[in-house]
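Asker: Before anything else, here's the structure in question.
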Amino acid sequence: MPSSDSANDTPDAPDAPDAPTGRRNASSSLRRALGILMYLAEDRGHPHGVTLTDLATGLQLSKSTVLRLIAPLREVRLVDQDPESGRYRLGPQNALLGQAYLERRDTRQITSPTLHQLAEDSGETVHLVTFDPPEIVYIDKVESPRAVRMHSRIGSRQPAYCTATGKVFLAHSEDDVVDKVIAAGMPARTSATITTPERLREELALIRRRGYAVDDVENEQDIRCVAAPVHDHGGNVTIAVSISGPATRVTRDRLPELGALLTAATGVVTENLGGTVPRAEDEAAADSHRTG
């Protein structure tokens, strides 16, 4: 086994055979083995893998213990060892597990508790939305607890350029996607609708800086909406969440409050779906690339 590290520490005593102690030892070994996987997954300072010493030091284990725990992980390719450097890194079976998780999750079921809590906290209608350029599609809805409600329905579509969720998607899309939406047309739906590409792009830059989008009575008369993005495991925006209601209730004065509620909620949804929110510096770099 190639490695620049020595494993001549005193080996751990073998697990005791009696059942209660055996179960405790097995549980402890499992936790420590999972700790190895998490260390390899989270340690971004070593893109080419980590040494045995790195693992032992980082996990506060002896080298012999790490070698014992890592052996079965290598057998099933959850961990690989570079044949030249001897460094350890995540193996290809992790991709299979990750893909299986992503394919089998039920987005609506996972997001439902957060959407209901958001509707209760805001007192308004909450939508879960996906993107099908040049339109957005409602995939779930939690009605406002108040008397006056939205007439939207699951499965219905709206233009992206004049809706809060649509502008969220566009703010985090490549330029060619934005161009496609603009090319599809930007007719005025109310007197407040943004109808020029230049003004829309200014709005998208503001959304990236602020973290949420506003439909300021731009799509439907007397309806105001706030939306924020949900990020997937690659940091991309695949769904968004919005709060909508009559402009008399969703006033401009409430926008910062509702925006804060939304960004907190979408952060929870992102985490629950195994997503990753891009770092501020990454967002700034992307924004610079778009405007450069």
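Asker: In segment 204-215, how many residues are open to solvent by 40 Å² or more (accessible area, probe 1.4 Å) and within 21 Å of His151 (Cβ to Cβ)?
Answerer: 0
Asker: Can you tell me which residue among Val168, Val181 is free of Cβ contacts under 8 Å to residues at least 60 places away in the same chain, surrounded by 17 or more Cβ atoms within 10 Å (Cβ to Cβ) and either among the aliphatic types (A, V, I, L, M) or touching a Gly at 6+ places or on another chain (Cβ under 7 Å) (or both)?
Answerer: Val181
Asker: Would a scan of segment 56-72 turn up a residue that is small (Gly, Ala, Ser), open to solvent by less than 90 Å² (accessible area, probe 1.4 Å) and at positive phi?
Answerer: Checked segment 56-72: no residue is small (Gly, Ala, Ser), open to solvent by less than 90 Å² (accessible area, probe 1.4 Å) and at positive phi.
Asker: Now for a separate question. Quick check on Arg201: is it surrounded by 21 or more Cβ atoms within 10 Å (Cβ to Cβ) and not small (Gly, Ala, Ser)?
Answerer: No; evaluated as a whole, the condition is false for this residue.
The values are calculated or read from the model by the stated rules, or taken from the named source; none is laboratory data. Keep in mind it's a predicted model, so treat the numbers as computed, not measured. Please note: Cβ atoms are built from the backbone with ideal geometry, for glycine as well, and neighbour counts cover all protein chains shown. Note: areas computed on protein heavy atoms with side chains; ligands, DNA, RNA excluded. Shrake-Rupley method; radii C 1.70, N 1.55, O 1.52, S 1.80 Å.
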